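One structure is given here, and the rest of the page talks about it.
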Amino acid sequence: MKTSSLLLAIAAATCLAAVARAGNFYQDTEMTWGDGRGKVVNAGRGLDLTLDRTSGSGFQSKSEYLFGKIDMQIKLVPGNSAGTVTTFYLSSHGDTHDEIDFEFLGNVTGEPYTLHTNVFTQGQGQREQQFRLWFDPTRDFHTYSIVWNPQHVIFAVDGTPIRDFKNHEARGVAFPRSQPMRLYASLWNADDWATQGGRVKADWSKAPFVASFRGFSADACVWSDGRQQCPVGTMEAAAGGRSWWNQQLSDMSYRRMRWVQRKFMIYNYCEDAKRFPQGMIDRADMDGSSRINDSSSFQTPSEIGR
């Protein structure tokens, strides 16, 4: 074997060893708070978080990641979920932390959840986009995904992209690419703001509230001993290439995302003139938005072939 081929094989093997594919909550996560209100179920294949008047609950991944594709199947609190917030997010530590958020804001019975997304870079957030979902997220499990690579943070629901936060560091926009992040999930009481701006409070007669998790998968490079175990430049060689490492939206995926945004987005920080009267310098979510001019023939995401 030639020296170059040997080095390539070693690099690939190293990267493969560092890729984490979680699948068992006993092995891959740990409870962080809740005093027993979070419980692993179904022989480690599922996890339930509970909220009552006294406390909520939460868990985190045992590993930290620096880039990857993170999936979680979640069934949200059914019925009157007003005041509750269920979260699934990545975060580093410290005042200048990076963070990538899915937050699900509960509502009164019959009213839709709000899916709240945000991206923090170097401690700076205020990049919120909010959506209604095109299905009832309390009746069954649905898959919520974060693709995080050096050029994109892509949020997806059941494989349908809803948001693409791009790397525009060349334009002076910070991007989360240097701080390892751990996965966190929680269920907590936020009735001072979560539902209709805090006007609707949690109905504790309906407690305990339960959100269920399963299908945790982290196809990701792990952070260990102060370094990334899957160095930049080896990912393509590992196992013939990891699709998430260079993933970006195809034209069809982009069209699907734009359809979701036009039909189901209820808030976009880039268009909030009251909060940002001087206009947004950071428009990493809006670049290329003129690519699609006509979405009148679009189907719902559940009808689009995957």
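Things to note:
- Residues located in region 248-260, provided they are crowded, with 17+ Cβ neighbours inside 10 Å, closer than 11 Å to Asp164 by Cα and within 17 Å of the chain's Cα centre (by Cα): Leu249, Met257
- Failed item, numbered, when Phe88 is tested on (1) within 25 Å of Thr109 (Cβ to Cβ); (2) free of Cβ contacts under 8 Å to residues at least 60 places away in the same chain; (3) assigned to a strand (DSSP E or B): (2)
- Among the residues making up region 202-217, those that are under 22 Å from the mean Cα position of the chain (by Cα), among the small types (Gly, Ala, Ser) and surrounded by fewer than 23 Cβ atoms within 10 Å (Cβ to Cβ) are Ser212, Gly215, Ser217.
- Extreme residue, farthest from the chain's Cα centre (by Cα), among residues of region 83-132 that are among the aliphatic types (A, V, I, L, M) and over 20 Å from Pro150 (Cβ atoms): Val108
- Matching residues in region 31-58 - criterion: being over 13 Å from Ser212 (Cβ atoms) and part of a strand (DSSP E or B): Met31, Thr32, Trp33, Gly58
- Qualifying residue in region 116-138 (condition: hydroxyl-bearing (Ser, Thr, Tyr), touching a strand residue (DSSP E or B) at 6+ places or on another chain (Cβ under 6 Å) and closer than 18 Å to Tyr267 by Cβ): yes
- Residue list for region 113-133, restricted to those being out of contact with any Gly (no Cβ under 9 Å at 6 or more places or on another chain) and free of Cβ contacts under 8 Å to residues at least 24 places away in the same chain: His116
Read the figures in this text as sums done on the coordinates, not as results from a lab. If you're wondering where the values come from, they're calculated on a predicted model, not measured in any experiment. When we count neighbours, we look across all protein chains shown, and the Cβ atoms used for this are built from the backbone with ideal geometry, even at glycine.
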